[in-house]
Structure formats: C-alpha cells, structure tokens
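Undergrad: Following this message is one structure expressed as structure tokens.
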Amino acid sequence: MDFSAVAVDRGRELAAARGVTVDWRVADVTAYRPVPNSYDLVLISYLHLPAPEFAGVLAAAKSALRPGGTLVVVGHDLANLAGGIGGPQDPDVLLTPESVVDGLAGLRVQRAETTRRPVPATDGGTVDALDTVVVATRPAD
C-alpha cells in the first residue's frame, strides 16, 4: 500500500516481472484498516509519521497478522541525524527500536536493532545510513 499511484504501479510492474503475486493498493495508510487475522506478512517500510499516527498504523498492522504471521518494520533511525546520512531531519518522525517495540505488545519480538545501510556516495564509495529494524511474530494460537 502506498498513497502514490505511481509507486504502486511501479511495484506492480516489478512484481509481475519477477512472477510475484502482491495485493497492491493505493490508500492512506493512516485511515486504512486491513481485515484482521488476514496476512502472513506485513511490512512497514520507511513510513515516518508523528508518534500518534505511527502508533495507529502499527496497531492496524498487528491486527492484520494471522497467528504465526510476521511484522517487519524498517525505517530511518533517530541516530541517523547525528551518525548517518539522508532521511527525514525531523526527530519527531524518526524511529528507534525501543519506540517500535513499545507498540508490539502481544507479539514475539525476534529482532530489534539499529543497523547500518550503505548508501552510494558522490565519490564512488559508500556512506552509512542508520535504520531501525524490527521483526516480530504473532504467536500461533
């Protein structure tokens, strides 16, 4: 899901080229409510919202998981402001592993960390961006 029809169209093209089936939707993620207990995998990727809005999206994502399903959250980490490159410069929309995990009550957290992601630099080398990565599963009933 993305609010951009252009992004969704690009995703559809890439998925089709790779023979992958994906249910693509254009929608406002802050208003969308997925069918509960319907997905084996939910990915929240580089979604940067103020904390109350992000908490609502995270709650909807949790409710969408089937028992045994996995939630993956990846986004620019707050530490990226001082120790990384790129991403939003507003600390109020950046993630930390702890802030994401705080919204995952009832899930089994398997990974919660700040990780380095190499980004191409203008000199041909790379520089690091710092990302929050959280992986959690809904216990099987």
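Undergrad: Among (1) touching a helix residue (DSSP H, G or I) at 6+ places or on another chain (Cβ under 8 Å); (2) modelled with pLDDT under 95; (3) open to solvent by 80 Å² or more (accessible area, probe 1.4 Å), where does F3 come up short?
TA: Of the numbered conditions (1) touching a helix residue (DSSP H, G or I) at 6+ places or on another chain (Cβ under 8 Å); (2) modelled with pLDDT under 95; (3) open to solvent by 80 Å² or more (accessible area, probe 1.4 Å), the odd one out for F3 is (1).
Undergrad: Now for a separate question. Please specify each residue of region 17-31 satisfying the condition of being outside any loop (DSSP other than H, G, I, E, B) and either modelled with pLDDT under 95 or under 16 Å from L41 (Cα atoms) (or both). Outline the logic, then answer.
TA: Start the filter on region 17-31 by keeping residues that are outside any loop (DSSP other than H, G, I, E, B), which leaves 17-18, 26.
Once the filter is applied, which keeps residues that are outside any loop (DSSP other than H, G, I, E, B) and either modelled with pLDDT under 95 or under 16 Å from L41 (Cα atoms) (or both), region 17-31 yields only V26.
Undergrad: A further question on this structure: Do any residues in region 53-71 that are over 14 Å from D102 (Cβ atoms) and modelled with pLDDT of 95 or more have Cβ atoms under 6 Å from those of residues that are open to solvent by less than 20 Å² (accessible area, probe 1.4 Å) and basic (K, R), where the two are at least six apart or on different chains, and which pairs are they?
TA: If the second residue must be open to solvent by less than 20 Å² (accessible area, probe 1.4 Å) and basic (K, R), no pairs are left.
Undergrad: Among the residues of region 27-69, which ones are β-branched (V, I, T) and exposed (fewer than 14 other Cβ atoms within 10 Å of the Cβ)?
TA: Of region 27-69, the ones β-branched (V, I, T) are 29-30, 35, 42, 44, 57.
If the condition is that a residue be β-branched (V, I, T) and exposed (fewer than 14 other Cβ atoms within 10 Å of the Cβ), then V35 is the only one that fits.
Undergrad: Residues to consider are L14, L43; find the one that is under 17 Å from T70 (Cα atoms) and either in a helix (DSSP H, G or I) or not β-branched (V, I, T) (or both). Don't jump to the end; show me each part of the working.
TA: Details: L14 fails: under 17 Å from T70 (Cα atoms).
After applying the criteria, what remains is L43.
Undergrad: With the requirement that a residue be in contact with a strand residue (DSSP E or B) (Cβ under 7 Å, 6 or more places away or on another chain), farther than 21 Å from H76 by Cα and not in a strand (DSSP E or B), what does region 98-140 give you?
TA: The answer is L107, R138, P139, A140.
Undergrad: Determine if region 54-70 includes at least one residue that is under 28 Å from V8 (Cβ atoms) and assigned to a loop (DSSP other than H, G, I, E, B). Talk me through it step by step, then tell me what you get.
TA: As a first pass, look at region 54-70 and keep what is under 28 Å from V8 (Cβ atoms): 54-66, 68-70.
With assigned to a loop (DSSP other than H, G, I, E, B) added as a condition, the list becomes none.
The answer is no, given that none of the residues of region 54-70 is under 28 Å from V8 (Cβ atoms) and assigned to a loop (DSSP other than H, G, I, E, B).
Undergrad: Related question: Tally the residues that are without any contact (Cβ under 8 Å) to a residue 40 or more places away in the chain, over 18 Å from the mean Cα position of the chain (by Cα) and surrounded by 12 or more Cβ atoms within 10 Å (Cβ to Cβ), restricting the search to region 83-132.
TA: So the count comes out to 2.
Undergrad: Quick check on my filter: what residues within region 49-79 are farther than 15 Å from G106 by Cβ, in contact with an Asp or Glu (Cβ under 8 Å, 6 or more places away or on another chain) and not β-branched (V, I, T)?
TA: If the condition is that a residue be farther than 15 Å from G106 by Cβ, in contact with an Asp or Glu (Cβ under 8 Å, 6 or more places away or on another chain) and not β-branched (V, I, T), then P50, A51, G75, H76, D77 are the ones that fit.
The values are calculated or read from the model by the stated rules, or taken from the named source; none is laboratory data. Being a predicted model, the structure only gives us computed values, none of them experimental. Every residue, glycine as well, gets a Cβ built from its backbone with ideal geometry; the counts of neighbours run over all protein chains shown. Ligands, DNA and RNA are excluded from the accessible area calculation, which covers all protein heavy atoms including side chains. Shrake-Rupley method; radii C 1.70, N 1.55, O 1.52, S 1.80 Å.
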